[in-house]
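Just so it is clear, none of the values below were taken in a lab; they were calculated from the coordinates. Note that the structure is a prediction, hence the values are computed from the model and not measured. Here the Cβ positions follow ideal geometry from the backbone for every residue, glycine too, while neighbour counts run over all protein chains shown.
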Amino acid sequence: MSSHFYRPGQGHGLPHDPFNAIVGPRPIGWIATVDAAGARNLAPYSFFNAFNYTPPIIGFASIGWKDTVANCAATGEFTWNLVDRGLLEQMNQTCAPTDEDEFERAGLEAAASVEVAAPRVAAAGVNFECRVTQQLELADVQGDGVGTWVTFGEVVAVHIREDLLADGIFDTAAAQPMLRAGGPSAYYGIEASSRVDLARPRA
């Protein structure tokens with residue numbers, strides 16, 4: 001069977017870069033911060049994931065030194081907020097490049113955090129309060145910086161809406177997390193019918 005082959009440095013030759021769609025769907029890093037003066041910022045990042053259990057560490061990548069990255073550098077804190085189906089349109093409003101308060105622009109209520117100064121999205125089913133552990137610029141194979149900054153943070157406090165816990169187990173499908181799926185506008189959800197259980201093999 002034939003395949004479409006390309007070298008990324010020479011272009012993909014397709015109507016839209018397939019990279020983001022292939023590596024997907026990806027969880028959304030909806031990151032809230034404050035600057036040194038206390039002004040709020042809320043922005044989504046599609047390059048986001050969890051990287052460690054103990055301590056729990058998450059990270060997101062920003063293409064460019066944007067307000068969120070600068071705020072993390074200035075204060076050492078941020079929150080992550082779960083984007084569910086009911087919050088998808090409001091999350092999209094926080095994508096806009098603007099100097100407005102994104103909470104106000106999207107009609108979102110902010111909730112105070114316990115361990116950090118950065119606010120939480122009150123309507124989100126899960127919030128992580130985080131302290132920055134590392135910020136680094138990604139480099140290419142020549143060792144040159146590519147202008148994309150990764151911020152890692154240790155999760156120091158967690159808020160989970162009680163209806164998302166079934167007998168003490170977090171119900172991912174019930175939380176309805178929305179996931180970025182590449183292309184100019186594609187998102188996907190998670191349904192209970194797509195669940196598969198596999199026990200890890202023992203040595």
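Of note:
- Calculated from the alpha-carbon coordinates, region 1-77 shows an Rg and a Dmax of 17.0, 59 Å respectively.
- Cleavage-rule hits, chymotrypsin sites (Phe, Trp or Tyr not before Pro), region 25-105, DSSP coil, Cβ neighbours within 10 Å at most 12: Tyr53
- Centre-to-centre, using Cα atoms only, region 1-45 and region 84-115 are separated by 19 Å.
- Between the residues Ala70, Ser2, Thr54, the greatest Cα displacement towards the positive end of the dipole of the chain, with unit charges on the Cβ of Lys, Arg, Asp and Glu, is found for Ser2.
- Average Cα contact separation per residue, region 1-71, under 8 Å, 6 or more apart, as relative contact order %: 23
- Three-way shape call for region 85-203 based on the alpha-carbon gyration tensor, with the a/c threshold at 1.5: rounded
- Computed extension length for Glu154-Glu100: 16.6 nm, one decimal, from 0.36 nm per residue of separation with the Cα-Cα distance subtracted.
- Cα radius of gyration and Dmax for the chain (Å): 18.2, 59
- Ranking Ile22, Leu198, Ala139 by Cα position along the charge dipole of the chain, where only Lys, Arg, Asp and Glu carry charges on their C-beta atoms, puts Leu198 farthest toward the positive end.
- Longest segment of the chain lacking GluC sites (Glu not before Pro) that sit in a DSSP loop with at most 15 other Cβ atoms within 10 Å: 1-99
- Neighbour net charge for Gly76 - beta-carbon separation under 14 angstrom, K R +1, D E -1: -4
- Taking the alpha carbon gyration tensor of region 98-152, multiplying each eigenvalue by 5 and rooting it gives semi-axes of 31, 16, 9 Å, largest first.
- Sparse-neighbour loop sites [trypsin sites (Lys or Arg not before Pro); region 97-203; at most 13 other C-beta within 10 Å; DSSP]: Arg195, Arg202
- The chain - charge dipole about Cα centre, Lys and Arg +1 at Cβ, Asp and Glu -1, debye rounded to 20: 700
- Computed from point charges on the beta carbon alone (+1 for Lys and Arg, -1 for Asp and Glu), the dipole magnitude for region 120-168 about its Cα centre is near 180 Debye.
- Summary value for the chain: 23 percent relative contact order, contacts being C-alpha pairs under 8 angstrom separated by 6+ residues.
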